[in-house]
Structure formats: C-alpha cells, structure tokens
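Each value in this text was obtained by applying a stated rule to the coordinates, not by laboratory testing. Values in this document were obtained by computation on a predicted structure and should not be read as measured data. Glycine also receives a Cβ, built like all others from the backbone with ideal geometry; neighbour counts cover every protein chain displayed.
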Amino acid sequence: MSLLRIRRCRNMPTILNHFLPRIILSRIYPPFNSNANILAAQMRYGTKIRTITAKILLKRNVKREAIRLRMYNVHIINLATEYIWNTSTAFQRDQFATLAASVNTINQNYRESFIYRMTQITTPQETNCALGNDFLNGSNF
C-alpha cells in the first residue's frame, strides 16, 4: 500500500505511529511563520477573511511536515495534529494562540478599514441607462 494513497483503514494507528517519529519538532515549534502580517494576508481570500485558531496554525505546520515526508493524507494530518496539540506544553500552545490572536486582530482592522473606505465613496457613478443609474447610485423617491 502506498503511503501517498492511504485512506481511512484499520491500520491507521500503525501509519500514524510511523509518521509521528519522523516529524522534526523544530519544524513544528515555534510557529513556522511568526510574522503576523504575512499570515494575515494569507488568510484573506478576496473579500472573505478567515478567523484562525492556534490549532489551525499548528495544523499548517503538521501539513508542511507531511508533505516533506511524502505522507500527505488529511486523516493522518488531523490525527497527528490532535496528538501533538494534546501533548504540547502550555507555553507551546500559547505561542500559537498569541500568533493567531495577532493575525485575527490585523484582519479585523483590515476589514473595518475596508468598510470605512467603501463608505467614503461619494462620487456618483455615471451610466447611460436609468436602471444602471438607480442600481449604482440609489433611487430617489
């Protein structure tokens, strides 16, 4: 059975026991990319901004390790993330939690400034039809 094409099966704990010892913990702790501004930009998808948690950041690092070890499987990554999260120290969890809070604060400020800038648009949009004019500039009753 190829490790790249593993599905949920009876020997998943065996595969997880094969995966966990091969992980280099220095690639998991501390958070890989601790620049909150870069992570905040990565979490923005157009107009949709995702709120992240400490466990999501940990999962990103576990996923990178799984790709490096050529053992990419969503179920293994989820199980390994749970195991690593449950066995990590409070200090290690706090590193991820602090970074997640910083990223969420940056994205919240970005969202608020974006909405504020949108409300500042006061220039009427010019169109060549009444329907377009009413749609873009509002209706006058």
Using a simple spin-label model with points 7 Å from Cα along the Cα→Cβ vector, what separation in nm is obtained for residue 25 and residue 69?
1.4 nm
For 19, 91, ascending order of other Cβ atoms within 10 Å (fewest first) is 91, 19
Residue-span extension gain [residue 105 to residue 37] - 0.36 nm each, minus C-alpha spacing:
23.5 nm
